[in-house]
Amino acid sequence: MEQKLKELQAEALQKIEQTEDLKSLNDIRVAYLGKKGPITEVLRGMGQLSAEERPKMGALANEVRAAISEKIEAKQEALEAAAVEKQLASETIDITLPGRPVKVGNHHPLTKVIEEIEDLFIGMGYQVAEGPEVEKDYYNFEALNLPKGHPARDMQDSFYITEELLLRTHTSPVQARTMEKHEGKGPVKIICPGKVYRRDNDDATHSHQFMQIEGLVVDENITMGDLKGTLQVFAKKMFGEDREIRLRPSFFPFTEPSVEMDITCKICGGEGCSVCKGTGWIEILGAGMVHPNVLEMAGFDSKKYTGFAFGMGPERIAMLKYGIDDIRHFYTNDIRFLKQFAVNE
Ligand code: FA5
């Protein structure tokens, strides 16, 4: 029995020595030290031994178990340490490798132009106001002197959601909403940038969704001269000191009188070319003196207060400023187009 136990010990120690992974090590533990293992099996024959030999064999069996168990623990520690070493080695970072360049975006040309226009007007004391894109028919049309059935509603073909709700066709409803909030007390001096929607067919200068920036000033003694001066400052700051402006009579139901503003063509300097269709001028916005009906509907006394308003399309302004030939470039997200505006950022 003594011989058998010693053989088992030698055999187990050799297997432990040779094992290369934790799983097989555990199998060895179960095989040699478990209840169904060979050591337990040998000890079953203890009954046949003499009374003096029995404790000796018991002590020997315990020694064998302890030796195997100790060796297993030592091997387990060694295997675990080796696994950690291996993992660390595989995760080594070579700090001498050059880093991967991080791609940095740039502002969209339209965002640049809108922010430039905002800054310009904020510098003149205007505040920025906003309104909903899903708008009530009342604010989009009625409060702007365009009652239901008015023929001028056709100038802005609309996307209706219900009878009374539509996607706003211009930013002018923000005028009406802001004036209402002022409860008949001036001054009001705002610009309102935002998205607008029309059932226009998309082409080089038209989009069904585009941006507008509205301007509104209401106070006592506001005149057409204030409007012209403001637009002149805007045009020169935006396009250069050498650009001239002109106001042409036009029609908007919410302004009286109404005008459209042109600036001299940058390409030909006013001589006439294909871009300005031979006129020397390019139209950039609509404007006028706020119609007394619009003032009254928003709660202002039109005998005491007057005002001017204007509305422009920043896409068209960006097209003129940067020489962009098609409005669709702003919305197709071609990275090659957008990257050109990263200069000086
Ligand atoms: C208006 O929308 C008026 N609300 C502007 C206004 C405000 C007049 C305040 C008087 C007082 P109009 O429909 O002309 O006007 O549009 C204004 C600008 O929006 C145009 O000059 C143009 O630059 C731009 N615009 C109009 N339709 C489109 C379109 N389909 N795609 C891109 N830009 C457009």
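Quick look at the numbers
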| item | result |
| --- | --- |
| Number of the condition not met by residue 30 [criteria: (1) out of contact with any Gly (no Cβ under 9 Å at 6 or more places or on another chain); (2) loosely packed, with under 13 Cβ neighbours inside 10 Å] | (1) |
| Verdict on residue 205 being among the polar types (S, T, N, Q) and either more than 15 Å from the ligand (Cβ to nearest atom) or closer than 20 Å to residue 293 by Cβ (or both) | no |
| Residue in segment 215-225 that is under 38 Å from the mean Cα position of the chain (by Cα), in a strand (DSSP E or B) and within 9 Å of the ligand (Cβ to nearest atom) present | yes |
| Test: residue in segment 121-142 that is of a type in the set (S, T, N, Q) and in contact (Cβ under 8 Å) with a residue 12 or more places away in the chain | yes |
| First in segment 169-193 and free of Cβ contacts under 8 Å to residues at least 40 places away in the same chain and within 13 Å of the ligand (Cβ to nearest atom), second anywhere and in a loop (DSSP other than H, G, I, E, B) and hydroxyl-bearing (Ser, Thr, Tyr), Cβ under 9 Å, 6 or more apart | 169/158 |
| Qualifying residues in segment 260-292 (those that are under 17 Å from residue 317 (Cβ atoms) and of a type in the set (Val, Ile, Thr)) - the one nearest to the ligand (Cβ to nearest atom) | 284 |
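Bear in mind these aren't lab numbers, they're just calculated from the coordinates by the rules spelled out. Because the structure is a prediction, the values reported are computed rather than measured. Cβ sites come from the backbone with ideal geometry, for glycine too, and all protein chains shown count toward neighbours.
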